[in-house]
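Okay, so here's the structure we're looking at.
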Amino acid sequence: MFGDIMGMMGKIKETQQKIEETKKRLDTVLIDEQSNDGLLKITLTANRTVKNISIDESLLEDKEQLEDYLVLVINKAIAKASAVNDAELGAVAKDGMPNIPGMDMFA
């Protein structure tokens, strides 16, 4: 019984380490998003950190339009980054979790 518990604890610790490694790797995965007309471009990491914003000069003339563009494009980029992040971390967590009866959280 204690061997099983120790094995599970080791597996959990190994999974935690893999999750941390995956988080670090996701800092290097870049997500690009842009407005439909290409006037605003945003790059962020899969950990949802903004790395670059490129704004066409024409958007600087209308503050309200620029704000609308920023909200739309940032939200689209965050959604993409979140999907990548969730998929990567979910795969690591699911693969590394010990089989504990009644604990099928990732099914």
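Only the coordinates and a few stated rules stand behind these numbers; no lab work does. Since this is a predicted model, take the numbers as computed values, not measurements. Positions of Cβ are generated from backbone atoms using ideal geometry, with glycine treated the same way; all protein chains shown enter the neighbour counts.
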Can you tell me the relative contact order of the chain? Whole percent, Cα pairs under 8 Å, sequence separation 6 or more. 29
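Given charges of +1 on the Cβ of Lys and Arg and -1 on the Cβ of Asp and Glu, with all other atoms neutral, how large is the dipole of the chain about its Cα centre, in debye to the nearest 20?
The dipole of the chain has a size of about 680 debye.
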Taking 0.36 nm per intervening residue step and subtracting the Cα-Cα distance, what contour gain separates Thr49 from Lys23 on full extension? 8.1 nm
What is the Rg over Rh value, at two decimals, for the chain, using alpha-carbon atoms and the Kirkwood definition of Rh? 1.23
Among Val71, Val50, Gly90 the positive-end extreme of the charge dipole of the chain (Cβ point charges): Gly90
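For Glu57 and Lys13, calculate 0.36 nm times their separation in residues minus their Cα-Cα distance, and state this gained length in nm to one decimal. Please report the intermediate quantities before stating the final value.
Working: separation 44, 0.36 × 44 = 15.84 nm, distance 5.05 nm.
Here the segment from Glu57 to Lys13 would lengthen by 10.8 nm.
Given only helices, namely DSSP H runs of n ≥ 4 each adding -39500 (n - 2.57), what is the per-residue ellipticity at 222 nm of the chain, to the nearest 500 deg cm²/dmol? If you can, show how the numbers build up before the last one.
Values: 2 runs with 59 residues, N = 107.
So the helix-based figure for the chain works out to -20000 deg cm²/dmol.
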